[in-house]
1. Run Pro124 past the list (1) modelled with pLDDT of 95 or more; (2) over 18 Å from Gly190 (Cβ atoms) and report the number of the one that doesn't hold.
2. Can you pull out every residue in region 179-201 that is in contact with a Gly (Cβ under 9 Å, 6 or more places away or on another chain), without any contact (Cβ under 8 Å) to a residue 40 or more places away in the chain and not polar (S, T, N, Q)?
3. (1) in contact (Cβ under 8 Å) with a residue 40 or more places away in the chain; (2) hydrophobic (A, V, I, L, M, F, W, C); (3) more than 30 Å from Arg207 (Cα to Cα): which one isn't true of Ala364, the others all being true?
4. Pull up region 58-93, narrow it to residues that are closer than 17 Å to Arg337 by Cβ and β-branched (Val, Ile, Thr), then point me to the one that is nearest to the chain's Cα centre (by Cα).
5. Residues of region 388-420 being small (Gly, Ala, Ser) and in a helix (DSSP H, G or I), which ones?
6. Quick check on region 219-236. Is at least one of its residues more than 30 Å from Leu377 (Cβ to Cβ), charged (D, E, K, R) and in a strand (DSSP E or B)?
7. Give me the pairs: first residue in region 371-400 and farther than 14 Å from Thr327 by Cα, second residue of a type in the set (Asp, Glu) and not in a strand (DSSP E or B), beta-carbon distance under 6 Å, and six or more apart or on different chains, which are they?
8. Looking at Pro284 and the list (1) in a helix (DSSP H, G or I); (2) under 27 Å from Asn93 (Cβ atoms), which single condition is not satisfied?
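The values are calculated or read from the model by the stated rules, or taken from the named source; none is laboratory data. It should be emphasised that the depicted structure is a prediction, and the values quoted were computed from it without experimental measurement. Cβ placement follows ideal geometry from the backbone for every residue including glycine, while neighbour counts extend to all protein chains displayed.
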Amino acid sequence: MKKRILVIGGGVTGLCAAYAERKRGHGVTLIERGSLPGGHIRTHEENGFLAEEGPSSILVKDKKVLRFFEEIGLSGELVDALPFAKERFIVRNGRPLPAPRSPLSFVSSGVLSLRGKLRVFLEPFIGKGINADESLSSFVNRRLGGEFLDYLINPFVSGIYAGCPQKLSVKYAFPKLYNLEQRHGSLILGTFHYLKNKSADTLLRSRLISFRSGMQSLPLRLAEVLKENLFFNATPSSIRQINGRWSVSWGHYQKEFDQIILCVPCHALLELPFEPHISTLFSPLQDCHYAPVSVVTCGFEKMKVPHRLNGFGMLVPEKEKLSILGTLFSSSLFPSRAPHGSVTLSTYIGGARSPSLASLSNDALLSLTLQSLQSLLGISANPVFTHISRSPKAIPQYEIGYKNILNTIDSIEKAIPSLFIRGNFRHGISTCQCIQASLELSL
């Protein structure tokens, strides 16, 4: 039976949900309060330099996502990460050192001391934890040791969540780690078991991809495919249930729908103009916290950059007491991110570690960035290109007690069967997880 469905939110989650429901034969309308589709996904191009304001890539682990790109006509625009992207650097004692990528490189790596490495090899002999909702820092410290936590997990978490291991829940932020311990009693033994029994339906290897013209190609293409019934600069002024249907008003429009899919950030759910008895149901979601992040993208003449930039980028552990979370070597990651003879670097500041730094002035953000790049990469030249973007609420934090957030969402959907909630605060924060959750949504 054909339904009339309203999608509220034009980020990648909302766009994919609208696409999936239209493909199933339903009538779909999407409203977005911004002027462009994509949410945090924005690409800025200037004089041959390309700066990503949000996600810079998509880690694809399932063939279904690649088939989706083909369906919407983007397969020809895909670009795989360059070979350099396999290398990551972690700062220790003020120097970016190659992060271990294999058991052999782990043994020879300078990121951990001999004592730290020996502690890791004790992991298979560590018993399961007894805390049902343990922090990531407690979990890693217990299983792998404090040095592994400080110099591998801490920067890794900053690169993914811009978060603090002491606050994040291992069960909800990193469920694969949690499940390895629960099912196999060991992260190391569990990983070997997983690799041995990997599903044939998944890719033989993960693909780190983007698009020729940047990440914004994805939402722009989805908006082009959907075309009709997309409304931008549209904020709902009223959402009411009348005789089992939804009456929604925005601007000069008032329409009725059978179902609504909410695809706005968790904090924005609290602002939607539902009737009081429904709005009250969303109140517990105020405990979902977001980390602020500012991104400073700089372009330099390549000959003035001493470091080879032969990697994905560098991550900075909190122990190093520097002002940045890390730097992405953008032009080493994908082609066409800088003009010939130049390089592009994107530096991330703020996060849950130092939230106040994200709100500094542009001049202060640029100064912190250039100081860090000079100290860590030896770059003393002034940039020939600069672009600064800010996300005051960039990434949801799956913290201790996050079960309450997820239970609240489940209870809302159970209480109101014609209302659905999707977003990176529920199914995982990565772009790929948002795409998959929306495409697999069953109304």
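1. All conditions are met except number (2).
2. Leu180, Arg183, His184
3. Tallying (1) in contact (Cβ under 8 Å) with a residue 40 or more places away in the chain; (2) hydrophobic (A, V, I, L, M, F, W, C); (3) more than 30 Å from Arg207 (Cα to Cα), Ala364 fails exactly one: (1).
4. Only one residue fits best here, namely Ile58.
5. Ser411, Ala415
6. no
7. These pairs meet every condition: Ser389/Glu53; Ile400/Asp133.
8. Single failed check for Pro284: (2).
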